[in-house]
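*Asks:* Below is a structure I'd like to ask you about.
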Amino acid sequence: MADVLKSLNLLETLKESIEKNNISDIRDALEDMLISRINIAVTGDRNAEKATFINSLRGLSQEDEGAARSPSSAAPEELAIFPNPKHPDFRLWDLPSISSDTSFEAQDYVERFKVTRYNSIIIAFTEKPSVNSVALWREVRSLQKETVYFVLLSSMKDTEKTLEVKKTVSLEVLKTEGVPLPKVFLVQPSALEKLDFLKFLEVMRGDLPELRAHALLLALPTFSNSLVTQKKDAFKALVWAAASLSGGVSAIPVPFVASMVDATVGVRILTKAQISLCLDDESLERLARQRSLNPARLKALRTCTLSVEVSKSEVKRRLAEAEKDTSTATSRLVELAMPRHARSVSRSFTVMLQALNTAIDDMGADAEKVVAMVTGEGQ
């Protein structure tokens with residue numbers, strides 16, 4: 001992993017790399033962010049709620065190809081892996097149920113299923129956490145693994161009142177078992193925009209290293225406006241890295257090198273943005289099936305050309321427009337943000353930054369319209 005990603009403040013570390021003229025660090029950071037990987041394990045009883053939760057995290061329903069099934073097709077003592085069809089670097093692992101037997105050994109479970117290799121471990125349940133699940137939590141934490149969480153999955157028969165009772169009882173169980181400052185996140189498996197999932201996501205992202213948190217955010221389906229905003233911010237960090245690289249390349253006196261690099265990198269970033277924001281045809285068709293909507297209605301909400309298709313010609317057109325439209329005031333602001341020795345290439349930086357950030361904003365606006373219709377806010 002590039003050293004530039006070790007800090008929690010990506011933009012500041014990128015600026016430091018520019019100051020030190022470490023273009024290779026910026027290039028490595030950009031590549032790492034574009035292909036970052038994350039593996040999340042979900043343990044607990046293999047029931048309909050757990051299968052739905054795993055599918056929802058991947059933007060799927062049980063009818064979709066590759067979806068988790070209930071009952072599970074995996075043998076009781078086998079791992080089941082579920083890659084994300086749109087984000088192959090995001091994988092969910094369905095771990096076997098935690099035995100309720102008094103002979104259960106948490107250490108054996110951790111070693112057998114290599115629990116600590118996962119970036120995050122979710123202990124899921126539908127009633128209350130078992131004593132053995134708390135023992136597993138304690139064993140994982142003893143191995144210096146902080147990213148392990150208790151998640152209460154709601155079922156079809158639950159009401160707001162029963163869920164609150166279950167959450168209260170679950171917290172009491174954790175307190176009784178000696179869990180310090182216990183937290184239980186209440187999640188509706190079929191509708192992640194409801195209940196505590198967004199709060200849970202915020203906590204988990206804060207606990208993960210920046211690169212993994214970035215990968216998780218971009219791989220999740222876009223089901224709320226807050227996620228749209230967070231994804232836009234993440235992609236603008238990517239754009240900053242790409243623009244920094246553009247500035248470095250443009251300082252090399254080789255004709256057309258900078259423009260070719262800009263367009264190629266721009267296509268990669270915006271293609272990932274289109275998929276992450278769930279604006280591609282396949283994602284919209286799947287979403288329409290899940291929410292019983294006409295896919296044509298969702299597709300018609302896309303007014304940005306890049307939301308429909310990311311092409312090199314459109315990226316080049318936007319870069320050319322930005323080259324013409326970059327104002328003196330904007331250039332001046334960027335110059336002030338850049339190290340003194342890098343200001344000679346600040347125009348290339350500004351053009352790329354403006355072109356791609358505008359594209360991200362336009363695509364984000366389309367994503368917000370889709371979210372509004374899917375959640376009922378746009379009806």
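*Asks:* Please work out which one of (1) surrounded by fewer than 20 Cβ atoms within 10 Å (Cβ to Cβ); (2) over 22 Å from Ser70 (Cβ atoms) is the condition Leu218 fails and give its number.
*Replies:* Here Leu218 clears every test but (1).
*Asks:* Can you list the strands (runs of 3 or more DSSP E) lying wholly within region 25-143 that have 3 or more residues being within 17 Å of the chain's Cα centre (by Cα)?
*Replies:* Working: elements: 38-43, 80-83, 90-94, 120-125.
Those strands (runs of 3 or more DSSP E) span 38-43, 90-94, 120-125.
*Asks:* For region 101-135, give me each residue that is touching a Phe, Trp or Tyr at 6+ places or on another chain (Cβ under 6 Å) and not β-branched (Val, Ile, Thr).
*Replies:* Taking region 101-135 as the starting set, the residues that turn out to be touching a Phe, Trp or Tyr at 6+ places or on another chain (Cβ under 6 Å) are 122-123, 129, 132.
Matches in region 101-135: Pro129, Asn132.
*Asks:* List pairs: first in region 139-164 and open to solvent by 70 Å² or more (accessible area, probe 1.4 Å), second not hydrophobic (A, V, I, L, M, F, W, C), Cβ under 7 Å, 6+ apart or cross-chain?
*Replies:* Leu143/Thr116; Glu146/Asp207
*Asks:* Scanning region 346-379 for residues that are more than 20 Å from Lys236 (Cβ to Cβ) and at pLDDT below 70, which turns out surrounded by the most Cβ atoms within 10 Å (Cβ to Cβ)?
*Replies:* Gly378
*Asks:* While we're looking at this one, here's another question. Among the listed residues Ser130, Ser99, Ser72, Ser103, identify the single one that is open to solvent by 10 Å² or more (accessible area, probe 1.4 Å) and either free of Cβ contacts under 8 Å to residues at least 12 places away in the same chain or not small (Gly, Ala, Ser) (or both).
*Replies:* Details: Ser130 fails: either free of Cβ contacts under 8 Å to residues at least 12 places away in the same chain or not small (Gly, Ala, Ser) (or both); Ser99 fails: either free of Cβ contacts under 8 Å to residues at least 12 places away in the same chain or not small (Gly, Ala, Ser) (or both); Ser72 fails: either free of Cβ contacts under 8 Å to residues at least 12 places away in the same chain or not small (Gly, Ala, Ser) (or both).
When all the criteria are applied, what remains is Ser103.
*Asks:* Within region 286-305, identify whether any single residue is under 30 Å from Glu63 (Cβ atoms), touching a Ser or Thr at 6+ places or on another chain (Cβ under 6 Å) and modelled with pLDDT of 95 or more, and answer yes or no.
*Replies:* Checked against the condition, which is being under 30 Å from Glu63 (Cβ atoms), touching a Ser or Thr at 6+ places or on another chain (Cβ under 6 Å) and modelled with pLDDT of 95 or more, region 286-305 yields no hits at all.
*Asks:* With the requirement that a residue be over 17 Å from Asp361 (Cβ atoms) and polar (S, T, N, Q), what does region 272-306 give you?
*Replies:* Ser283, Gln290, Ser292, Asn294
*Asks:* Is it fair to say Ala320 is free of Cβ contacts under 8 Å to residues at least 24 places away in the same chain, in a helix (DSSP H, G or I) and within 26 Å of Glu63 (Cα to Cα)? Write out each step before concluding.
*Replies:* Numbers: free of Cβ contacts under 8 Å to residues at least 24 places away in the same chain: yes; in a helix (DSSP H, G or I): yes; within 26 Å of Glu63 (Cα to Cα): no.
It is false that Ala320 is free of Cβ contacts under 8 Å to residues at least 24 places away in the same chain, in a helix (DSSP H, G or I) and within 26 Å of Glu63 (Cα to Cα).
Residue-wise test of (1) crowded, with 21+ Cβ neighbours inside 10 Å; (2) in a helix (DSSP H, G or I); (3) of a type outside the set (Lys, Arg).
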site	(1), (2), (3)
Val169	no, yes, yes
Lys175	no, yes, no
Gly178	no, no, yes
Pro182	no, no, yes
Leu195	no, no, yes
Glu202	no, yes, yes
Gly206	no, yes, yes
Leu211	no, yes, yes
His214	yes, yes, yes
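The values are calculated or read from the model by the stated rules, or taken from the named source; none is laboratory data. All values reported here derive from a predicted model rather than from experimental measurement. Every residue, glycine among them, receives a Cβ derived from its backbone with ideal geometry; neighbour counts consider all protein chains shown. Just the protein is used for accessible areas: all its heavy atoms, side chains included, with ligands, DNA and RNA removed. Shrake-Rupley method; radii C 1.70, N 1.55, O 1.52, S 1.80 Å.
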